1. Here's a check for you: in segment B:338-351, which residue that is open to solvent by 10 Å² or more (accessible area, probe 1.4 Å) and among the hydrophobic types (A, V, I, L, M, F, W, C) is nearest to B:VAL320 (Cα to Cα)?
2. Out of segment B:96-108, which residues are open to solvent by less than 20 Å² (accessible area, probe 1.4 Å) and closer than 12 Å to B:LEU294 by Cα?
3. Output the helices (runs of 4 or more DSSP H) that fall wholly within segment B:111-168 and possess 1 or more residues being at pLDDT below 95, of a type in the set (A, V, I, L, M) and crowded, with 24+ Cβ neighbours inside 10 Å, or say none.
4. For B:THR59, indicate whether it is open to solvent by 60 Å² or more (accessible area, probe 1.4 Å), β-branched (Val, Ile, Thr) and more than 15 Å from B:LEU257 (Cα to Cα).
5. Looking at the structure I just gave you, is C:LYS12 within 13 Å of another protein chain (Cβ to nearest Cβ), open to solvent by 60 Å² or more (accessible area, probe 1.4 Å) and either out of contact with any Lys or Arg (no Cβ under 7 Å at 6 or more places or on another chain) or more than 22 Å from B:LEU340 (Cβ to Cβ) (or both)?
6. If I go through segment B:169-213 residue by residue, how many of them are more than 14 Å from every other protein chain (Cβ to nearest Cβ), open to solvent by 30 Å² or more (accessible area, probe 1.4 Å) and closer than 27 Å to B:LEU146 by Cα?
7. Could you list, ordered by first residue, the pairs with Cβ atoms under 8 Å in which the first is in segment C:1-14 and touching a residue at least 24 places away in the same chain (Cβ under 8 Å) and the second is surrounded by 14 or more Cβ atoms within 10 Å (Cβ to Cβ) and among the aromatic types (Phe, Trp, Tyr), at least 6 apart or interchain?
8. What helices (runs of 4 or more DSSP H) lie completely within segment B:1-60 and have 3 or more residues being touching a helix residue (DSSP H, G or I) at 6+ places or on another chain (Cβ under 8 Å)?
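The values are calculated or read from the model by the stated rules, or taken from the named source; none is laboratory data. Every value quoted in this text rests on a predicted model; they were computed, and no experiment measured them. No Cβ is skipped: glycine too gets one built from the backbone with ideal geometry, and neighbour counts run over all protein chains shown. Note: accessible area is taken over every heavy atom of the protein model, side chains too, but ligands, DNA and RNA are not part of it. Shrake-Rupley method; radii C 1.70, N 1.55, O 1.52, S 1.80 Å.
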Amino acid sequence: MSPAVNVCVSGLVGVFAGIGLLYLMMKLLARLGEKAPRGAFSAD
Amino acid sequence: MAFVEQLGILSVTPGMVAMWAIALTLLYLAIAKEHEPLLLLPIGFGILLANLPLTGLMTPEEGLLWRFYRYGVEWEVIPPLVFLGLGAHTDFGPLLSQPRLVFLGAAAQGGVYLTFFAAQAFGFSLEEAATIGIIGGADGPTTIFLAAQLAPHLLGACAVAAYSYMALAPIIQPPIMRLLTTEQERAIRMKKGRKVTAREKLLFPIAATLVIILLVPASAPLIGMFMLGNLFRESKVVERLAETAQDALMNIVTIFLGVSVGATMSADNFLRSDVIFIFVLGLVAFAVSTACGLVLAKLMNLVTSDKINPLVGAAGVSAVPMAARVVHKIGAEANKKNYLLMFAMGPNLAGVIGTVIAAGIFLSMLGG
Amino acid sequence: MAEDVLAPLAGKVLSVAVSVGDTVEEDDEVLVLEAMKMETVVYAPLDGEVTALAVKVGDQVEEDDTLATING
């Protein structure tokens, strides 16, 4: 794999991984933030 | 006749005169047209100063502007301080109330990578290509941060390109948005998100810092300051610090940032065929990023019943809040009771975070 | 049937186009909000008479605050 492809792939994977983790974290915060936690992560 | 030899006017080169024209154009845009005056005015004047002969302003170890640049930009002080101010200014509420829209901010980094790839294919080094690609994120401080580390000789051009495209979002984005969406899609009125509690907003900067820096440590200077600023704001106990960070400190660093960026644009650095390429590639990056956000929003609509107005995907580029305003305006054209501003702020903020992560990854793979 | 006109987003009231007692038609301009340096027009949700106006120029409103009431 050429270095450029390597950087591109790592970068895209990294960005989506970072944003994905942020998403999960926000779902968790939403649960903590609610005064009366309700149900699982489904309440979007 | 030592005095005559010291006369500046005898050492003027045609390149300098050309740079004066560029400086005056930026000053004109800033003052007469009020395009981004807070940045373009100091940048324009910095260019003018840097292209006057025999001043020694950019002489290493001695020049005044060199010192601003060295200790402000090269030492990575100013861009993170700008982020501190932005953090203190930012309400993450719109993002927290619609978590799924965060992915649009990731998709909109697509242009960054496509352009990176194109730039290195055109013969730029990987470091230069990364710096050009990051223009697609349309985030000034992040572009400067990365350029200072990877390709300082391109810093001026890339910074001006990033700020220009940010300011030109209302011209560049709408045609792409109209091309990739149907009238019906643009008219979609989104369901309101739930109310976000103060506790969530308080916990967000702390949790986001942990998550992002643990994943991409090289993004720490920008994300760390961004979230610290936001914690100033959301903690409600240090209002003085929050105010200083977003007003006084921000204004101070903006002065030094603008002048330093302008000062890097000497005729030797700027009047090269590369620079035209940078502007073209930067524009492509910005356009592709806009398109990627729109396309992901459309894809998400295939699997969700709670429809997303695909326009908000275009706000995944991090030009805050210009891109969100553009989305709001185009949405209201399709349906005048469509108020997309707050929905668009979510991807817009996610785009800032996405661009910083992208810059962090470039830095960890290509820096050092 | 009376219906409240709610603020679609948080912002500052820039101008008010109606007064109490006015008759409005659906989609008529009620007022203009300014949020993030952008003007956002709020339109009447139905035909009717303006029976109450809860805000005046310069007021800061939050999302979903009642701006006016229209009796249709």
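1. Filtering first and then ranking leaves B:MET345.
2. Within segment B:96-108, B:LEU101, B:LEU104, B:GLY105, B:ALA106, B:ALA107, B:ALA108 qualify.
3. Qualifying helices (runs of 4 or more DSSP H): B:155-167.
4. no
5. In short, no.
6. Total satisfying the criteria: 1.
7. C:PRO8/B:TYR339; C:LEU9/B:TYR339
8. Hits in segment B:1-60: B:14-31, B:37-50.
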